[in-house]
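*Asks:* Input: one structure, supplied below.
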Amino acid sequence: MNRINIILPEQIGKINPNIYGHFVEHLGGVIYDGIWVGEQSSIPNIKGFRKALIDLLKKINAPVIRWPGGCFAEAYNWRDGIGPKSGRPKTVGWWFNNEGRLESNEVGTHEFIDFCRLVGAEPYFAANATTTTPLEIRNWIEYCNFPENSTSLAKLRTENGSPQPFKVKYWGIGNESWGYGGFMTPEDYCAAYRKYSITAVSADKNLYSIACGPNGNDLQWTRRFFDRLRDVTIPEFTKINGYSAHYYCGTTGDALKFDENQWYELLLKAGYMEEMIVQQRALMDSYDPKREIGLIIDEWGCWHPEGSGPSKGAYFLEQQSTMRDALVAAITLNIFNNHCDKVAMANVAQLVNNLHSLFLAAGENLIVTPNYHVFDMFKGHQAGIALRSIVETDKITFTQGMEEKQIGKISCSSSLKGNKLTVTIINSHYSEDSEVELRLFENGLFRINKQVVLKAPDPHMFNSFEEPENVKPLNIAIDLTGRDFNITVPAASVMLLEIDSMVDIPVL
Ligand code: AHR
């Protein structure tokens, strides 16, 4: 028997909507042909951005979008992306050696801000800390955030069509500084961070400054970075609001062809996110016991070998997403909800035509992947109070190489907004439905009035331009009243339950 116990008086904290954030990089088909089609395009657009994509992003309440990279950020000069389009240079982007694409700079600062405003999301700028100087980050901040006509750069912004400041709050200092962002040691990066952040913050004390954290759960990076930071700084002079880790679930197999063991292997990798969050936060707590620095996962998702997407490999790092990827998304978001006291923001990589996409687009075509449906089903958790969900689950045993491994069959997160509970349940079993007893620990009566299930007749299924609705959520009629419920969660599926409480639930 599988059992989910939702303990209503045990409230973990408020789920920061930014946990449901996104990421767009100048890479492959993410920006051009992904979000951007150009103002002259026959494809319906607003200020050059795909209207249909904007509408769909608004529907899932996209809270924050990271830009312009990724690695691309580390060779980006923001000045190339401002001013009349005719005068913008064509440049070699970071990924040139992989994809041969030149950067037109048609989408720059003003355009990206337009995109965020159209979607209703906050911009998160990843600033170059490898191939530029602290002064240039400061200049970009001045250009974006200074009041109308206050400085020469603010005047330049007005001349370029935007008198009002953009008020960009989130600024990342470098990307993957342990890797292509300079191959730095934690000590080297710490020295760079101090220089860049003090320069940035001296221009705008309200900005939220994000330092580059580890590759996955690299505890050495975190320890050495914070040791160094503590050693040599007067805390008031090193503002650090966020600390970002990246974690991808890589496959050596194929995005579309996988057997049952490979299905579980990837879901197990998704589950490691929990270990990483708990261990990284515990280590950060030893330096930052009041949790004034937010742990951010600003790149996450599945990374399959290329070529399964509609461009057949033409767009670098484009891949298809099956039900397997949808379960990875759901497992990850459940972990974020359950650890919302530790995670301040997260950005799935990437929004469109790249890695764990929510959309695939080319010319007239735009479809949503199963991942999009997961974000849609989970949106009720945003800004909710996460509740402790204790899951008693059967284990699934599978083989990875020569080893036997296990994962839990059922996982869950739950949250409360007013008197409404949002519960998201995953059955990771490849082929077996699961009977689940759902118990709500609070006096009073509850009514389940909405059930949505994302599943497919075959876990390999995905959406394509030809068959855009192969995988889509189904609303199932339900009206159950009580405190204990028996629910059947289909094999390889994600389920949303919306439950009303008949009594007021205090937020503690
Ligand atoms: O998301 C693709 C790439 O993955 C990003 O540019 C980089 O930060 C990461 O290695």
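*Asks:* Among the residues of the stretch 109-157, write down those that are crowded, with 19+ Cβ neighbours inside 10 Å, farther than 27 Å from residue 297 by Cβ and either among the small types (Gly, Ala, Ser) or touching a His at 6+ places or on another chain (Cβ under 7 Å) (or both).
*Replies:* 154
*Asks:* Any residue in the stretch 141-160 that is within 18 Å of residue 23 (Cβ to Cβ) and at pLDDT 95 or above?
*Replies:* For the stretch 141-160, residues within 18 Å of residue 23 (Cβ to Cβ) and at pLDDT 95 or above: absent.
*Asks:* Find all pairs meeting these conditions: Cβ atoms under 9 angstrom apart; at least six residues apart or on different chains; first residue within the stretch 10-28 and of a type in the set (Ser, Thr, Tyr); second residue assigned to a strand (DSSP E or B).
*Replies:* Hits for this filter: 20/64; 20/346; 20/348.
*Asks:* Now for a different question. Among the residues of the stretch 167-185, count how many are surrounded by 20 or more Cβ atoms within 10 Å (Cβ to Cβ) and assigned to a loop (DSSP other than H, G, I, E, B).
*Replies:* Looking only at the stretch 167-185, we keep the residues that are surrounded by 20 or more Cβ atoms within 10 Å (Cβ to Cβ), and these are 168, 170-178, 181, 184.
Still in the list and also assigned to a loop (DSSP other than H, G, I, E, B): 168, 174-178, 181, 184.
So the count comes out to 8.
Each row is one residue, and each column tells you yes or no for (1) within 16 Å of the ligand (Cβ to nearest atom); (2) without any contact (Cβ under 8 Å) to a residue 60 or more places away in the chain; (3) part of a loop (DSSP other than H, G, I, E, B); (4) charged (D, E, K, R).
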{"site": "187", "(1), (2), (3), (4)": "no, yes, no, yes"}
{"site": "205", "(1), (2), (3), (4)": "no, yes, yes, yes"}
{"site": "228", "(1), (2), (3), (4)": "no, yes, no, yes"}
{"site": "253", "(1), (2), (3), (4)": "no, yes, yes, no"}
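*Asks:* Here's something else I'd like to know. Just the residues that are without any contact (Cβ under 8 Å) to a residue 60 or more places away in the chain, away from the ligand (no atom under 16 Å from the Cβ) and not in a loop (DSSP other than H, G, I, E, B), please, taken from the stretch 31-78.
*Replies:* 45, 51, 55
*Asks:* Can you go through 330, 314, 326 and tell me which one is within 24 Å of residue 464 (Cβ to Cβ), more than 16 Å from the ligand (Cβ to nearest atom), hydrophobic (A, V, I, L, M, F, W, C) and over 17 Å from the mean Cα position of the chain (by Cα)?
*Replies:* On the way: 330 fails: over 17 Å from the mean Cα position of the chain (by Cα); 326 fails: over 17 Å from the mean Cα position of the chain (by Cα).
Being within 24 Å of residue 464 (Cβ to Cβ), more than 16 Å from the ligand (Cβ to nearest atom), hydrophobic (A, V, I, L, M, F, W, C) and over 17 Å from the mean Cα position of the chain (by Cα) holds for just one of 330, 314, 326, which is 314.
*Asks:* Go through the stretch 362-463 and tell me which strands (runs of 3 or more DSSP E), entirely inside it, have 3 or more residues that are closer than 22 Å to residue 1 by Cα and of a type in the set (Gly, Ala, Ser).
*Replies:* Working: elements: 365-368, 385-392, 395-400, 403-408, 410-417, 420-427, 434-441, 446-454.
The qualifying strands (runs of 3 or more DSSP E) are 410-417.
*Asks:* Additional query: Kindly evaluate residue 217 against the criterion of being touching a Cys at 6+ places or on another chain (Cβ under 7 Å) and either modelled with pLDDT of 95 or more or part of a helix (DSSP H, G or I) (or both). Before you say what the answer is, go through the steps one by one.
*Replies:* Working: touching a Cys at 6+ places or on another chain (Cβ under 7 Å): no; either modelled with pLDDT of 95 or more or part of a helix (DSSP H, G or I) (or both): yes.
The answer is no for residue 217.
*Asks:* For the stretch 329-359, which positions are in contact with a helix residue (DSSP H, G or I) (Cβ under 6 Å, 6 or more places away or on another chain) and of a type in the set (Val, Ile, Thr)?
*Replies:* If the condition is that a residue be in contact with a helix residue (DSSP H, G or I) (Cβ under 6 Å, 6 or more places away or on another chain) and of a type in the set (Val, Ile, Thr), then 331, 332, 335, 343 are the ones that fit.
*Asks:* May I pose another question? Taking the condition touching a Phe, Trp or Tyr at 6+ places or on another chain (Cβ under 8 Å), crowded, with 20+ Cβ neighbours inside 10 Å and under 30 Å from residue 277 (Cβ atoms), does residue 66 pass? Show your work before the answer.
*Replies:* Working: touching a Phe, Trp or Tyr at 6+ places or on another chain (Cβ under 8 Å): yes; crowded, with 20+ Cβ neighbours inside 10 Å: yes; under 30 Å from residue 277 (Cβ atoms): yes.
In short, yes.
The values are calculated or read from the model by the stated rules, or taken from the named source; none is laboratory data. Predicted model only: the values in this text are computed from it and were never measured. A quick note on method: Cβ atoms are made from the backbone with ideal geometry, for glycine too, and the neighbour counts reach across all protein chains shown.
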